[in-house]
Ligand SMILES: Cc1cc2nc3c(=O)[nH]c(=O)nc-3n(C[C@H](O)[C@H](O)[C@H](O)COP(=O)(O)OP(=O)(O)OC[C@H]3O[C@@H](n4cnc5c(N)ncnc54)[C@H](O)[C@@H]3O)c2cc1C
């Protein structure tokens with residue numbers, strides 16, 4: 001428990017929301033913070049697909065949490081899995097059985113993939129929510145190329161057919177990056193392999209890409225992906241995923257050994273073990289001041305929460321929403337302590353954006369959604385993500401080096417990133433599927 005005069009804040013989740021909350025409270029002698037994350041590091045999700053497609057290394061997007069707060073005595077970082085939370089007593093239980101009691105409890109455990117009960121998807125699809133997920137995708141791609149190089153007949157078995165489910169920003173960005181890897185980079189490595197058989201297919205039940213964007217953005221994303229050789233299967237859903245295939249709702253079966261799942265997300269499992277009512281997407285509904293109705297001192301943030309805003313029932317699941325909400329929640333915790341009254345969250349809307357490939361991005365900037373395409377959108381994407389990175393206290397060196405390489409030398413990858421010897425996944429059992 002806290003010293004008589006300090007407020008003990010327990011934050012579950014060291015993502016954008018949790019880190020921003022802890023940073024705002026760092027150095028405040030009236031507050032003691034315990035930041036709990038299952039990982040020792042913060043992971044920068046917007047750059048996951050760059051790791052998945054061998055543009056960045058995992059260490060480029062992983063930032064040590066203890067190091068982030070090492071100068072602040074009032075922040076304790078604990079690496080532990082939170083297995084449940086009790087909002088009545090504001091207590092978090094850890095996998096070890098230990099409990100931590102808080103004066104203010106901040107739930108910021110993020111999201112998990114939503115497979116929408118698609119048979120086989122949880123077992124065989126490759127989600128993209130963590131550094132491990134991204135490394136697994138990269139390993140699978142490298143292994144598939146290695147196997148196909150050794151036995152070109154495997155191309156007929158779908159060895160070089162890569163399927164992305166989901167036409168939102170994650171799916172579009174992943175498909176674009178995979179297409180550039182598969183069509184522009186790998187042929188240099190496997191000159192003798194008939195990589196012309198390589199395919200990237202994007203599947204979405206909707207009839208447009210980037211549904212949350214404008215009509216011109218839909219058309220732009222379609223044109224840019226097609227220009228990169230991505231085959232679009234719109235208006236159909238994935239109805240079954242297996243180790244060596246995916247079945248679509250129009251009855252077709254695609255032979256493939258890599259189905260990347262960008263098809264939807266829901267709140268992390270802790271939401272169901274928090275004793276709190278779950279709203280849309282399994283997320284916790286909060287009030288405009290980010291607290292949970294009826295639970296004094298309990299906050300839910302970021303991808304874990306439905307944050308109402310103006311006429312909108314909830315803000316989107318974005319890094320900037322999570323980071324700003326984390327900072328705001330900390331402000332409200334301090335205000336509560338001072339008896340000053342909590343304030344409704346004010347979101348500074350940066351807009352929405354997606355990077356489709358080199359020199360191809362789309363951005364709708366600010367709350368008025370000023371639309372940009374191409375290199376200006378790429379610059380906007382860089383600016384917003386550099387700010388998010390800087391907010392976590394991360395060094396921007398790897399990011400700026402990546403941006404420069406990506407823009408000017410897009411087909412270059414360091415040998416290490418493409419080395420199949422670094423692959424550490426189970427070998428693919430060909431012919432047994
Ligand atoms: C592939 C991908 C690309 C994206 N691209 C963009 C983009 O370009 N721009 C943008 O603005 N947003 C993007 N997003 C969305 C953005 O990353 C999220 O909105 C943001 O990460 C949410 O922040 P958060 O703090 O709520 O959760 P997260 O960042 O997910 O952090 C949650 C933390 O909680 C920890 N945790 C979860 N459960 C437990 C538990 N039981 N015990 C202990 N720790 C736990 C996790 O380890 C994690 O560190 C992208 C997301 C993905 C998946």
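The values are calculated or read from the model by the stated rules, or taken from the named source; none is laboratory data. Only a predicted model underlies this, so the values are computations on that prediction, with no experimental measurement involved. In this analysis, Cβ positions are derived from the backbone assuming ideal geometry, glycine residues included, and neighbour counts consider all displayed protein chains.
One table, with the values for the structure above:
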{"item": "The listed residue being out of contact with any strand residue (DSSP E or B) (no Cβ under 8 Å at 6 or more places or on another chain), modelled with pLDDT of 90 or more and either within 29 Å of residue 373 (Cβ to Cβ) or surrounded by fewer than 23 Cβ atoms within 10 Å (Cβ to Cβ) (or both), out of 175, 219, 194, 150", "result": "219"}
{"item": "Residue in the stretch 110-130 that is part of a helix (DSSP H, G or I) and touching a strand residue (DSSP E or B) at 6+ places or on another chain (Cβ under 6 Å) present", "result": "yes"}
{"item": "Unmet requirement for residue 226, which otherwise passes all of (1) under 19 Å from the mean Cα position of the chain (by Cα); (2) part of a helix (DSSP H, G or I); (3) closer than 20 Å to residue 179 by Cα", "result": "(1)"}
{"item": "Flag if residue 138 is more than 12 Å from the ligand (Cβ to nearest atom) and either over 24 Å from the mean Cα position of the chain (by Cα) or assigned by TED's automatic domain parsing to the domain that holds residue 259 (or both)", "result": "yes"}
{"item": "All helices (runs of 4 or more DSSP H) inside the stretch 306-422 with 2 or more residues being over 26 Å from residue 56 (Cα atoms), modelled with pLDDT of 90 or more and within 15 Å of the ligand (Cβ to nearest atom)", "result": "319-338"}
{"item": "Among (1) in contact (Cβ under 8 Å) with a residue 12 or more places away in the chain; (2) surrounded by fewer than 23 Cβ atoms within 10 Å (Cβ to Cβ); (3) under 21 Å from the mean Cα position of the chain (by Cα) - the single one residue 272 does not satisfy", "result": "(1)"}
{"item": "Test for residue 302: is it within 12 Å of the ligand (Cβ to nearest atom) and surrounded by 19 or more Cβ atoms within 10 Å (Cβ to Cβ)", "result": "yes"}
{"item": "Every pair of residues 6+ apart whose Cβ atoms lie under 6 Å, when the first sits in the stretch 105-116 and is in contact (Cβ under 8 Å) with a residue 12 or more places away in the chain and at negative phi while the second is in a strand (DSSP E or B) and near the ligand (Cβ under 6 Å from one of its atoms)", "result": "107/12; 109/12"}
{"item": "Of all residues in the stretch 23-34 being touching a residue at least 60 places away in the same chain (Cβ under 8 Å) and touching a strand residue (DSSP E or B) at 6+ places or on another chain (Cβ under 8 Å), the one that is nearest to the ligand (Cβ to nearest atom)", "result": "34"}
{"item": "Residues (touching a residue at least 60 places away in the same chain (Cβ under 8 Å), closer than 23 Å to residue 240 by Cα and in contact with a helix residue (DSSP H, G or I) (Cβ under 6 Å, 6 or more places away or on another chain)) located in the stretch 120-164", "result": "126, 127, 128, 134, 137, 138, 154, 159, 162, 164"}
{"item": "Selection within the stretch 144-171 - over 19 Å from residue 254 (Cα atoms), within 24 Å of the chain's Cα centre (by Cα) and part of a helix (DSSP H, G or I)", "result": "169, 170"}
{"item": "Per-region count, the stretch 35-76, residues more than 8 Å from the ligand (Cβ to nearest atom), closer than 22 Å to residue 268 by Cα, more than 16 Å from the chain's Cα centre (by Cα) and surrounded by 20 or more Cβ atoms within 10 Å (Cβ to Cβ)", "result": "2"}
{"item": "Subset of the stretch 351-376 [more than 15 Å from residue 177 (Cβ to Cβ), without any contact (Cβ under 8 Å) to a residue 24 or more places away in the chain and touching a strand residue (DSSP E or B) at 6+ places or on another chain (Cβ under 6 Å)]", "result": "363, 365, 366, 372"}
{"item": "Test: residue in the stretch 257-271 that is closer than 24 Å to residue 341 by Cα and more than 11 Å from the ligand (Cβ to nearest atom)", "result": "no"}
{"item": "Total residues in the stretch 228-241, condition in contact with a helix residue (DSSP H, G or I) (Cβ under 6 Å, 6 or more places away or on another chain) and surrounded by 18 or more Cβ atoms within 10 Å (Cβ to Cβ)", "result": "3"}
